[in-house]
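Written out below as structure tokens is the structure these notes cover.
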Amino acid sequence: MTSAKAILIEKFQDKSARVAVVGLGYVGLPLAMVFAEAGFEVIGLEIDHFKVSSINNGDSYIQDVPAEAVEKMVKAGRLWASSDFSILHTVDAVSVCVPTPLRKTGDPDLSFIVSACNSIAPYAHAGMVVVLESSTYPGTTRELVLPRLAGTNGLDVGEDIFIAFSPERVDPGRTDWTTRNTPKVVGGISENCSDVATAWYQQAINSVVRVSSAEVAEMAKLLENTFRMINIGLVNELAIMCDRLGMDVWEVIDAAATKPFGFMKFTPGPGLGGHCIPIDPLYLSWKMKAFNYNARFIELASEINTNMPRFAVSKIQDALNRVGRPMRGSHILVLGVAYKPDINDLRESPALDVIHLLTRKGVSVEYHDPYIPQFSHDNWQMESVPDLHQAVKAADAVVIITNHSAYDYPAIMNEARLIIDTRNALGACGGRHNAKVVRL
Ligand code: SAJ
């Protein structure tokens, strides 16, 4: 009898496999598109009815996915969305792209993965492969996904059902490296699981990097983002040291960056935002506690990065005092609140911490961000000022938190009285200007 593995691999090769993506967010929708554009029929499974109706109407709510591309796949019958997981009875391959945030306690929140597994489990069947993409600690796929999908259904992993992990490497706003052309690491619970998962992904993604286990794939992702978080923490601490030494950290970093080997440039800032870099490493340090190991690099870098909003506010306070203005009663315009330039994502943005700290010190704060017309956070709402240049002129100080490329920085330097530049956005702006500029 032909094995479930052989049947599945053949279905991937002739594109007759029916594919599902659970979670149509900034990872899941681009992945669904890549599979659909490769020729598979793709069902997007989402609990958010707005996302379901948007996709089925040929719309896109993800900045990096054009609506025209979605419409084309929907019209071709190769992409549609639903909230009904029972369709999985007829599906051969499922990719799970759900959030893995932190709880308020700082512990991993795996509730989205558990919920997705519980939604899939009733329809898990022989001849199915399930790949988890959500960033998580090593062991999650084997300890949490496997029992829920195989154990409860009496399915034999590696014979009936195939389970693997493949970390997402989506960088919101980036156009040079996409879901299709970014090398994709894939590791299975067993050899057969790796065979099936790589056979699937190879049909749609240019380069699939097979590793020996799901744990290696999970850990590789955490290394990628921990590397980044720790190096950002290093330059943030350098900024604090240079401040104590009365030195310009930006000049120091630019000088070091002239070394053509053995150095990688990172830049300081008012904090560490996003849903990956500040969070993924803490999944690893949390896991290591169970092995009675304290991941000191991660803990220290997290402490330094978390403290940067306070450091930025202290620089703002010093700058105001130098021009004879107290914090209390001053009016500050924050430029850019997204967690990084040229995107509309506010998650974990340090701007939120800076605004909160300034407000607590009696500063009246407005913001402008071309990508975020308004936002609500905890129990406060704010709207982007309608007239940027009028707001710049009216402010006692302008604080650049996110250096969107859309800003006319020379104009802002001529209209503002005082600028605290936490991103060295003005570094390249030469020439005379009216504003007094302070860098982080
Ligand atoms: N940041 C700094 N200094 C730096 C670089 C970043 O302060 O030198 C800050 C940013 O302002 C932001 C935060 O760190 O607040 C995260 O920035 P990021 O550039 O790492 O952007 P992310 O969070 O979107 O990271 C994603 C990650 N991609 C995935 O997890 C799939 C990350 O692995 C990528 O390396 C990163 O994009 C990228 O290279 O742009």
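The values are calculated or read from the model by the stated rules, or taken from the named source; none is laboratory data. All values derive from a computational prediction rather than experimental measurement. So basically every Cβ, Gly included, is an ideal-geometry build from the backbone, and we count neighbours across all protein chains shown. When the accessible area is computed, the model is the full protein with side chains, heavy atoms only, and any ligands, DNA or RNA have been set aside. Shrake-Rupley method; radii C 1.70, N 1.55, O 1.52, S 1.80 Å.
Test of the criteria: in region 275-343, which trypsin sites (Lys or Arg not before Pro) are in a DSSP loop and have at most 10 other Cβ atoms within 10 angstrom of their Cβ? Show your work: numbers first, answer last.
On the way: sites: LYS287, LYS289, ARG296, ARG310, LYS315, ARG322, ARG328; in loops: ARG328.
Passing sites in region 275-343 are ARG328.
Of ILE230, ILE332, ILE47, which has the most accessible area and how do the rest follow, probe 1.4 Å?
Details: ILE230 45, ILE332 0, ILE47 140 Å².
If we order ILE230, ILE332, ILE47 from most to least accessible, we get ILE47, ILE230, ILE332.
How much accessible area does PHE291 have with a 1.4 Å probe, in Å² rounded to the nearest 10?
130 Å²
Round to the nearest 0.05 the FRET efficiency obtained for ARG296 and ASP107 when R0 = 22 Å and r is the Cβ-Cβ distance.
Working: r = 18 Å, r/R0 = 0.84.
According to the calculation, E is roughly 0.75.
Can you tell me the accessible area per residue over the chain, all protein chains present, probe 1.4 angstrom, in square angstrom?
Numbers: 19320 Å² over 440 residues.
Roughly 44 Å² per residue, with all protein chains present.
For LYS436 and GLU366 in the same chain, what is the full-extension length gain: residue separation times 0.36 nm, less their Cα-Cα distance, in nm? Walk me through the numbers before you get to the answer.
Working: separation 70, 0.36 × 70 = 25.20 nm, distance 1.97 nm.
Value of the extension gain: 23.2 nm.
Of the heavy-atom accessible surface of region 136-279 (probe 1.4 angstrom), what whole percent is carbon and sulfur? All intermediate terms of the calculation are to be shown ahead of the outcome.
Working: 3440 of 6120 Å².
On region 136-279, the fraction of accessible area on carbon and sulfur atoms equals 56 percent.
How much solvent-accessible surface does VAL323 expose, in Å² to the nearest 10, with a 1.4 Å probe and all protein chains in place?
70 Å²
Using Cα pairs under 8 angstrom and six or more residues apart, how large is the relative contact order of region 4-212, in percent? Working shown, then result.
On the way: 438 pairs, mean separation 41.9, N = 209.
Worked out over region 4-212, it gives 20 percent.
Using a 1.4 Å probe and ignoring any ligands, DNA or RNA, find the accessible area of GLU251 and quote it in Å² to the nearest 10.
Ignoring ligands and nucleic acids, GLU251 comes out at about 130 Å².
Using the Cα gyration tensor of region 321-440, with a ≥ b ≥ c the square roots of its eigenvalues, what is the shape: rounded (a/c below 1.5), prolate (a/b larger than b/c) or oblate (neither)? Intermediate values should be presented prior to the final figure.
Details: a/c = 1.70, a/b = 1.18, b/c = 1.44.
Oblate shape, in that a/c is at least 1.5 and b/c is the bigger or equal ratio.
Write down the radius of gyration of the chain and its Dmax, each obtained from C-alpha positions, in Å.
24.2, 84
Quick check: from the Cα gyration tensor, does region 4-212 come out rounded (a/c under 1.5), prolate or oblate? Present the calculation step by step, with values, prior to reporting the outcome.
On the way: a/c = 1.35, a/b = 1.18, b/c = 1.14.
It comes out rounded by the Cα gyration axes.
Give me the percent of the accessible area of region 387-440 that comes from carbon and sulfur atoms, probe 1.4 Å, all protein chains in place. Could the numbers behind the result be given before it?
Values: 990 of 2250 Å².
Accessible surface attributable to carbon and sulfur in region 387-440 totals 44 percent.
Roughly what % of DSSP beta bridges within the chain run antiparallel, to the nearest 5? Don't skip to the end; give the middle numbers.
On the way: 7 of 51 bridges.
Once the DSSP bridges in the chain are tallied, antiparallel ones form about 15 percent.
Once both axes come from the Cα atoms, what is the angle between helix 350-360 and the longest principal axis of the chain, in degrees from 0 to 90, rounded to 10?
The angle comes out near 40 degrees.
As a test of reading the structure, rank LYS11, LYS259 by solvent-accessible area (1.4 Å probe, protein chains only), most first.
Working: LYS11 65, LYS259 95 Å².
Greatest to least solvent exposure: LYS259, LYS11.
Taking every DSSP beta bridge with both residues inside region 317-403, roughly what % is antiparallel (nearest 5)? Intermediate results must be reported in sequence, preceding the final value.
Working: 4 of 14 bridges.
So the antiparallel bridges amount to about 30 percent of the total.
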